[in-house]
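Colleague: I have a structure I would like to understand better, so I am pasting it below and will then ask my questions one at a time.
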Amino acid sequence: DTFEIAVFVGSLRTGSLTRKLAEALADLAPASLRFKFIEIGDLPFYNPDLDTDTPPASWARLRTDIAAADGVLFVTPEYNRSIPAALKNAIDIASRPYGQSAWNGKPAAVVSGSGGALAGFGANHHLRQMLVVLDMPTMAQPEAYIGHLGDLFDAAGKVKSEDTRAFLRQIATSFAAWVARHAA
Ligand code: FNR
């Protein structure tokens with residue numbers, strides 16, 4: 001079986017290291033996973049007033065993309081010890097209308113990264129707190145906190161260290177098993 005994975009990258013920045021990390025994970029993942037990167041930079045802030053029968057087109061597209069996925073991979077930097085607002089906004093939008101959350105039951109994994117040693121631990125766990133109320137079974141192990149992102153990639157965007165590549169492969173392989181288990 002193959003599984004469609006919706007990938008959410010928390011950074012909107014051109015040249016984002018977090019995006020490179022997400023691309024590396026997708027590269028190293030088993031062939032059973034197919035990745036679709038979902039763009040979140042153009043989503044109007046969630047406002048229930050706009051959530052009528054004709055919500056913003058970008059909101060409708062987001063919800064459809066998530067509904068079509070078998071699993072969700074979040075790859076995020078840390079902003080002030082939490083997740084970036086753009087990612088929070090996407091999560092809020094797809095969680096509504098009440099009772100129609102697109103996230104409901106989707107198996108998930110959380111990978112955080114940063115330029116320093118703390119590796120986005122705060123963001124990682126703030127995000128996990130949200131996934132509880134969204135009822136998304138979230139892979140517990142291996143935990144994925146990727147530090148020193150500035151040293152990770154060569155000029156072509158490839159992960160330089162074989163040890164790091166092996167760890168990313170392990171994360172992706174465990175996630176593939178996690179998704180398969182929850183699809184069954
Ligand atoms: C940051 N950064 C940051 N880093 C960190 O480890 N802990 C933090 O709390 C914060 N806070 C923070 C707030 C804001 C507003 C910005 C813009 C940045 C640094 C940030 O995580 C780092 O630049 C990442 O490398 C960003 O990832 P991208 O954009 O390269 O994917």
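The values are calculated or read from the model by the stated rules, or taken from the named source; none is laboratory data. Keep in mind the model is a prediction, meaning the values are calculated, not measured. All Cβ positions, even for glycine, are placed from backbone atoms using ideal geometry, and neighbour counts span all protein chains on display.
Colleague: Do we have any residue at all in segment 3-23 that's under 13 Å from V75 (Cα atoms), away from the ligand (no atom under 16 Å from the Cβ), of a type in the set (A, V, I, L, M) and modelled with pLDDT of 95 or more?
Modeller: Kept after step one, since they are under 13 Å from V75 (Cα atoms), are these residues of segment 3-23: 5-12, 16-23.
Retained after the next criterion (residues that are away from the ligand (no atom under 16 Å from the Cβ)): 5-6.
Right, trim to of a type in the set (A, V, I, L, M) and you get 5-6.
Subset that is modelled with pLDDT of 95 or more: 5-6.
Yes, that holds for at least one residue.
Colleague: Out of S112, S32, I need the residue that is in contact with an Asp or Glu (Cβ under 8 Å, 6 or more places away or on another chain) and within 16 Å of the ligand (Cβ to nearest atom). Which one?
Modeller: Unique residue meeting the criteria: S112.
Colleague: Tell me, yes or no, whether segment 2-19 has at least one residue that is more than 23 Å from V159 (Cβ to Cβ), assigned to a loop (DSSP other than H, G, I, E, B) and among the β-branched types (V, I, T).
Modeller: yes
Colleague: State all residues of segment 49-77 that are over 13 Å from the mean Cα position of the chain (by Cα) and closer than 12 Å to L127 by Cα; if no residue qualifies, say none.
Modeller: none
Colleague: Is it the case that T138 is hydroxyl-bearing (S, T, Y) and under 21 Å from F3 (Cα atoms)? Break it down into steps so the answer makes sense when it comes.
Modeller: On the way: hydroxyl-bearing (S, T, Y): yes; under 21 Å from F3 (Cα atoms): yes.
So T138 passes the test.
Colleague: Inside segment 108-121, can you point out the residues that are polar (S, T, N, Q) and not in a loop (DSSP other than H, G, I, E, B)? Quick ask: steps written out before the conclusion?
Modeller: Our first condition is that a residue be polar (S, T, N, Q); within segment 108-121, this holds for 112, 114.
The answer is S112, and nothing else.
Colleague: Here's a follow-up. Out of segment 147-183, which residues are in contact with a helix residue (DSSP H, G or I) (Cβ under 6 Å, 6 or more places away or on another chain) and among the hydrophobic types (A, V, I, L, M, F, W, C)?
Modeller: Matches in segment 147-183: L149, F153, V159, L168, A172.
Colleague: Mind telling me which of the residues A68, A90, A86 ends up being within 15 Å of the ligand (Cβ to nearest atom), more than 30 Å from E162 (Cβ to Cβ) and either in contact (Cβ under 8 Å) with a residue 40 or more places away in the chain or surrounded by 20 or more Cβ atoms within 10 Å (Cβ to Cβ) (or both)? If you could, list the steps in order and put the result at the bottom.
Modeller: Numbers: A68 fails: within 15 Å of the ligand (Cβ to nearest atom); A90 fails: within 15 Å of the ligand (Cβ to nearest atom).
Exactly one residue qualifies, and that residue is A86.
Colleague: So which of R181, R165, R96 is over 27 Å from D1 (Cβ atoms) and either assigned to a loop (DSSP other than H, G, I, E, B) or among the charged types (D, E, K, R) (or both)?
Modeller: Working: R181 fails: over 27 Å from D1 (Cβ atoms); R165 fails: over 27 Å from D1 (Cβ atoms).
Only one candidate qualifies: R96.
Colleague: Restricting the search to segment 115-154, which residues are within 16 Å of the ligand (Cβ to nearest atom) and hydrophobic (A, V, I, L, M, F, W, C)?
Modeller: A117, L118, A119, F121, A123, L127, A144, I146, L149, L152, F153
Colleague: Same structure again: Just for segment 88-144: of the residues that are touching a Gly at 6+ places or on another chain (Cβ under 6 Å) and among the hydroxyl-bearing types (S, T, Y), which one is nearest to E23 (Cα to Cα)?
Modeller: S112
Colleague: Being part of a helix (DSSP H, G or I) and farther than 30 Å from N104 by Cα is the filter here; which residues of segment 122-162 pass it? Walk me through it before giving the result.
Modeller: At the first step, the residues of segment 122-162 found to be part of a helix (DSSP H, G or I) are 122-133, 149-151, 162.
The answer is L149, G150, D151, E162.
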